[in-house]
Amino acid sequence: MMNQLLKNPDYGRRKSMAGEIDMTQMKEDCLQIQDELSNVVEEEGEEEGVKNCEMGTAPLGNMRASKLEREFDFVVPMCKFRGMDFFVGDFPEKEIWKQPLLLKNGLRDAPTMIGNLMLPSGNLVTYLQMPDWFDDWDNIPEEREDDPPDVKAFKRFFTGDLEYQQLRLKVLPMVVKAPYLVKMIAPDPTLNAIHQPMSPVTIKKVNKVVDPLTGNTTAAAVMEVGVDFHTSRAIGRLINIVMPHLGSITLDIAFVVAAPWGKEGTEPSACLGVWRIDKVDFMSFAQLPEHPVEEVEEEIKDI
């Protein structure tokens, strides 16, 4: 996944020192240690030598930690990954940001972008914390000339209309480990447009709530990106094939903002978030509680 993301120079990146090990040098150092240990045993006698070479006391010679380090780049997404939930139910919930259970557990403690995948069997929900420069929909900082490309792309995505956002929101999936049957139907590890006739995207922006007396924010702003995967029968059949194998699937996912396919000219792009779904335990899925009676009555009135 990281190699794929690094191909785009627009995405923010940092350097890490936790690199690959030089196995050739490692082998030479280990052989040197082995020789030194053998000499200790011969000089001090077997029993005393073994005693002196317990964990942490062996002579390490010229071996240094720096030999195990190498700088390499990695992409830093615009949003911090807060977590993921899978809620089972007969009918997936729209506008899940209203769910009292999530509100009670701190959903709106920080500005959050919610990815709500509405599946035939429930909701797969991802929570990404917005960048520090974002506060509310009414005061998004204007784009500046010196903004990095990914910041420019994200600001334009925030301020664009629904059509603009639908055309640019993409997903990069990468199956790391899965049964052969799942690999056969898995999408290619390339950018895929999320908004399609069989998977329409809706976007809901909710402003922060401020206490009029204290001026303190009591609920942070949220953006919910809803993807309808439950209406299409074709997608439903694919999901039903995958669900029984969730316990043996490892999948990397990245949300990306990028120019529409076929668009002329250049346009900045941004990596919004990256996370891994690793062998989900189907038996541990939660079920969302019922909404309060008052809220259900209001929904019926709207219908």
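The values are calculated or read from the model by the stated rules, or taken from the named source; none is laboratory data. Only a predicted model underlies this, so the values are computations on that prediction, with no experimental measurement involved. FYI the Cβ positions are ideal-geometry reconstructions off the backbone, even for glycines, and counts take in every protein chain you see. Surface areas here come from the heavy atoms of the whole protein model, side chains and all, with no ligands, DNA or RNA. Shrake-Rupley method; radii C 1.70, N 1.55, O 1.52, S 1.80 Å.
Odds and ends about this structure:
- What a 1.4 Å probe finds exposed on the stretch 128-217 is 54% carbon and sulfur by accessible area, rounded to a whole percent.
- A probe of 1.4 angstrom, applied to the heavy atoms of all protein chains, finds Glu163 with accessible area near 120 square angstrom.
- Largest-first ordering by accessible area, 1.4 Å probe, given options Asp281, Asp90, Asp146: Asp90, Asp146, Asp281
- Candidate residues Arg108, Arg233, Arg82: accessible-area rank, largest first, probe 1.4 Å: Arg233, Arg82, Arg108
- Dipole magnitude of the stretch 197-237, debye to nearest 20 (Cβ charges: Lys/Arg +1, Asp/Glu -1, about Cα centre): 200 debye
- Among Tyr164, Tyr127, Tyr180, the sequence by solvent-accessible area, most first, with a 1.4 Å probe is Tyr180, Tyr164, Tyr127.
- Restraint check, Lys80/Lys183; Lys94/Lys170; Lys155/Lys279; Lys208/Lys279; Lys152/Lys279; Lys104/Lys155, Cα-Cα greater than 25 Å: Lys80/Lys183; Lys155/Lys279; Lys208/Lys279; Lys152/Lys279; Lys104/Lys155
- 3J(HN,Hα) along the stretch 196-203: 9, x, 8, 9, x, 10, 10, 10 Hz, from the Karplus curve 6.51 cos²θ - 1.76 cosθ + 1.60 with θ = phi - 60°, whole Hz, x for Gly and Pro.
- Taken per residue, the accessible surface of the stretch 86-242 reaches 52 Å², heavy atoms only and a 1.4 Å probe.
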